[in-house]
Amino acid sequence: MNQGKPGPPGDEPTVRPEPPEGDFELPRPAARAAAPDEGDYELERPQPPAPALPAHGTAPAAAGPGAPDEGTAPLPTAADGADGTVAPGPGTAARTPAGAAADTSGTDEHPAGPAAARGGLSDAQGGPAFEEAGAGAGAGPAEGHVRPLHDPDPYSTPPYGEPGPWAPAPPVQHPGNTPAHGVPGAAPPPVMDAAPPPVMDATPPVPAPAHPDPAAAAPAATPAADPWGRYDPWAAAAAATPLQQAEPVLMGREQRRGRTRRTLVAGALLLALVSGGVGGIVGAHLERNGGIGTVELPQAARNDAGRDPGSVAGIAAQALPSVVTLHVSGGGAAGTGTGFVLDERGHILTNDHVVQPAGDNGDITVTFHSGDTAEATVVGRDSGYDLAVVKVKGVRGLAPLPLGNSDNARVGDPVVAIGAPFDLAGTVTSGIISARERPITAGGEKGDGSDVSYVDALQTDAPINPGNSGGPLLDTEGRVIGINSAIRSADGSDDPDGGGRAGSIGLGFAIPINQGKRVAEELINTGKATHPVIGVTLDMEYGGDGARVAAEGSDGGPPVTTGGPGARAGIRAGDVITEVDGRRVHSGEELIVKTRAHRPGDRLELTVERDGKERKVSLVLGSSGGG
């Protein structure tokens, strides 16, 4: 705390009250004994009208601590003055602006010393002489009042020339960071010693500039406004936007993580875009040019496991080694058909129309599934059954196909057909039995009917084409139940070779193996096959339902053979046979087919209609030589 020189003994320091709002007057310095021409001087300024004040030399009515005169104000304290000066008062020494500036700078380079605390002046402003004069004048109010050298400026105009001791020029304060309260280096706000209010003389008071009290409005660390109204270009900028030292910005851990994360995301997006573009270009190149280098596709390992014997593959694997392809030529004709091995001696069963082009001197070549070939000769043939047997010589290791029972076949049973359609050897097709005991006739090229075959056939939808003739029709056990012989062609013919060589329409016909076995045995044993007969001549032109007995025989003899099975059963010319063993017949062809489905010596039950009446007859079938 700043102190002035002690006053007279017994005087107690008093606290100076805050100046009231309104006018105040600076204290006048005491008269110096020096000559009038020493010190500063100033031109005379106009004086403002002065209010009524007490007479010069009289004391205020209420002089004392805390009670100043009306219209007067106490001297400004260190918080009141903008430049930090302290006016001299009773018992205190006058302080100069230089001393105030040195005292209130608050920096480490210029600490406030004892001289500053005593308010010492520079040599140009009086120095110690003025300090001593102030001390002498402060002996008491009775010794005189301090008056300023110059009158107050009502317009607050800065003085020209060198400033006097009553109005020193404030130091220029450059903007800077004001240390916070309590920070080391910050100068504590100056505290003035309490002093009694000065005794005012009759000089008119100087009007105070209109500005708020800095001590009441601003914090103690903030410099107060200049009471003289001088403009400081740095003050406004420093107060509005204090300058800061340019230092590097330090980022926290989260900021660094966020920045790294954003960098990684941006890099990933860029990499994805580049990869997509490169991949598209490479893909387009590979699509246009077929790839780069050698291509090796994945493939399953070879599996040598067998197949279920009851499947199509199992049946085919078992039957193919026993199926052969026949190439026949002779008499300017040629043909291709299929056959299968009957025994180990080399007997092969096929259709009669397959070997027919060879005649008596033609060539027959047999090709096995292994690719081996052999020459074959005809053992026997029968056009009525459309069956023939050929034999190969010099071939060993033949595997005959097992024979089944065609009477066990039912509609819907699965079957497998094997043959050489259109000379494509080893062709396997599958289907079902679509009908049984289907009466069909084939052949008839000779015109006399000697080459017509009558078959009570098994019907199948297994694809059969020209070249399948003579091949086996197998059941699910791999056993032969039929011999493929004819197909229904698109042109409507029942030609065994397919008529106009049309393809399969799902209507194939096979000779039942029961009939084929009997005929094959006869052909192998005798070279000929026998046919079961009733002993009557049929009218093939009859258009009614059933088979009618002709009026006369084919050779001019009787229509019913004398002593034959029909004559013994009482059949006569003109009778119509409508049923065989309880099954309806609609034509003469059907009656022949039903008869040839039996063996000679079998007994048949016939229904005969005569003169509108039906009767049942029984007979035993006879035998005739085959052709």
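The values are calculated or read from the model by the stated rules, or taken from the named source; none is laboratory data. In this text the structure is predicted, and so the values were computed from the model without any measurement. Using ideal geometry, Cβ is built from the backbone for each residue, glycine included, and neighbour counts are taken over all protein chains shown. In case anyone asks, the SASA skips ligands and DNA or RNA and just uses the protein heavy atoms, side chains included. Shrake-Rupley method; radii C 1.70, N 1.55, O 1.52, S 1.80 Å.
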Along Cα→Cβ, 7 Å out, is where each label goes; now give me the distance between the ones at ASP360 and VAL312 in nm to one decimal. 4.6 nm
For ALA550, enumerate residues with amide H under 5 Å from its amide H, sequence gap 5+ or separate chain, H modeled in the peptide plane. THR537, LEU538, ASP539, GLY574
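Please say if region 307-427 is rounded, prolate or oblate, where rounded means a/c under 1.5 for a ≥ b ≥ c the square roots of the C-alpha gyration tensor eigenvalues, and otherwise the choice is prolate for a/b larger than b/c and oblate otherwise? Mind dumping the intermediate values first?
Numbers: a/c = 1.81, a/b = 1.50, b/c = 1.21.
Prolate shape, in that a/c is at least 1.5 and a/b is the bigger ratio.
Can you give the local net charge around GLY543? Use residues other than it whose beta-carbon is closer than 15 angstrom to its beta-carbon, Lys and Arg +1, Asp and Glu -1. All intermediate terms of the calculation are to be shown ahead of the outcome.
Values: positive: ARG548; negative: ASP539, GLU541, ASP545, GLU589, GLU590.
Summing Lys/Arg as +1 and Asp/Glu as -1 gives -4.
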Considering only C-alpha atoms, what is the centroid distance from region 536-572 to region 451-478, in Å? 32 Å
Relative contact order as a percentage, region 574-620, C-alpha pairs under 8 Å and 6+ apart, gives 41 percent
Quick check: residue separation of ARG261 and GLU541 times 0.36 nm, minus the Cα distance between them. What number comes out in nm? 90.5 nm
Before anything else, pin down the relative contact order of region 305-365: Cα pairs under 8 Å, at least 6 apart, normalised by residue count, whole percent. 31 percent
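How would you classify region 373-459 from its alpha-carbon gyration tensor, with a ≥ b ≥ c the square roots of the eigenvalues: rounded for a/c under 1.5, else prolate if a/b is greater than b/c, otherwise oblate?
Values: a/c = 1.83, a/b = 1.09, b/c = 1.67.
Here region 373-459 falls in the oblate category.
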Expressed in nm to one decimal, what extension gain is obtained for the pair SER329 and ALA490 from 0.36 nm per residue of sequence separation less their Cα-Cα distance? 55.2 nm
Listed residues THR367, THR373, THR476, THR460 arranged by accessible area, highest first, probe 1.4 Å: THR373, THR476, THR367, THR460
At 7 Å along the Cα-to-beta-carbon direction for both ILE505 and HIS586, put a label point, then send me their distance in nm to one decimal. 1.7 nm
Net lengthening on full extension, GLU477/ASP343 (0.36 nm per residue, minus Cα-Cα): 46.4 nm
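Let me check I have the definition right: for region 350-393, take the eigenvalues of the Cα gyration tensor, multiply each by 5, take square roots. What are those semi-axes in whole Å, largest first? Could you put the intermediate results ahead of the total?
Working: eigenvalues 75, 25, 14 Å².
Semi-axes (√(5λ), whole Å): 19, 11, 8.
Among LYS517/LYS616; LYS528/LYS616; LYS393/LYS528; LYS393/LYS594; LYS391/LYS594, which pairs are too far apart, with a Cα-Cα distance over 28 Å?
Numbers: LYS517/LYS616 31 Å; LYS528/LYS616 33 Å; LYS393/LYS528 21 Å; LYS393/LYS594 37 Å; LYS391/LYS594 30 Å.
Among LYS517/LYS616; LYS528/LYS616; LYS393/LYS528; LYS393/LYS594; LYS391/LYS594, the Cα-Cα distance tops 28 Å for LYS517/LYS616; LYS528/LYS616; LYS393/LYS594; LYS391/LYS594.
Based on the Cα atoms of region 499-627, what semi-axes does the equivalent ellipsoid have, where each is the square root of 5 times one gyration tensor eigenvalue, given in whole Å with the largest first? If you can, show how the numbers build up before the last one.
Values: eigenvalues 140, 80, 44 Å².
They are 26, 20, 15 Å, listed from largest to smallest.
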Using a 1.4 angstrom probe on the protein heavy atoms only, could you order TYR454, TYR385, TYR542 from most to least accessible area? TYR542, TYR454, TYR385
VAL411 - accessible surface, heavy atoms, 1.4 Å probe, Å² rounded to 10: 90 Å²
Neighbour cut-off at most 15 other Cβ (10 Å), DSSP loop, trypsin sites (Lys or Arg not before Pro), region 527-627: LYS528, ARG572
Amide hydrogen neighbours beyond the local backbone of ARG610, cut-off 5 Å, H modeled: ARG615
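Assuming a ≥ b ≥ c are the square roots of the Cα gyration tensor eigenvalues, decide whether region 325-370 counts as rounded (a/c under 1.5), prolate (otherwise, with a/b larger than b/c) or oblate. If you can, show how the numbers build up before the last one.
Values: a/c = 2.13, a/b = 1.82, b/c = 1.17.
Since a/c reaches 1.5 and a/b is larger than b/c, the shape of region 325-370 is classed as prolate.
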Separation between Cα centres of region 592-622 and region 319-379, rounded to whole Å: 37 Å
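Given a 1.4 Å probe and heavy atoms of the protein chains only, how would you sort HIS285, HIS347, largest accessible area at the top? Intermediate values should be presented prior to the final figure.
Details: HIS285 95, HIS347 10 Å².
So, going from the largest accessible area down, we get HIS285, HIS347.
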7 Å from Cα along Cα→Cβ at both LYS613 and LYS393: what's the point-to-point distance in nm? 6.5 nm
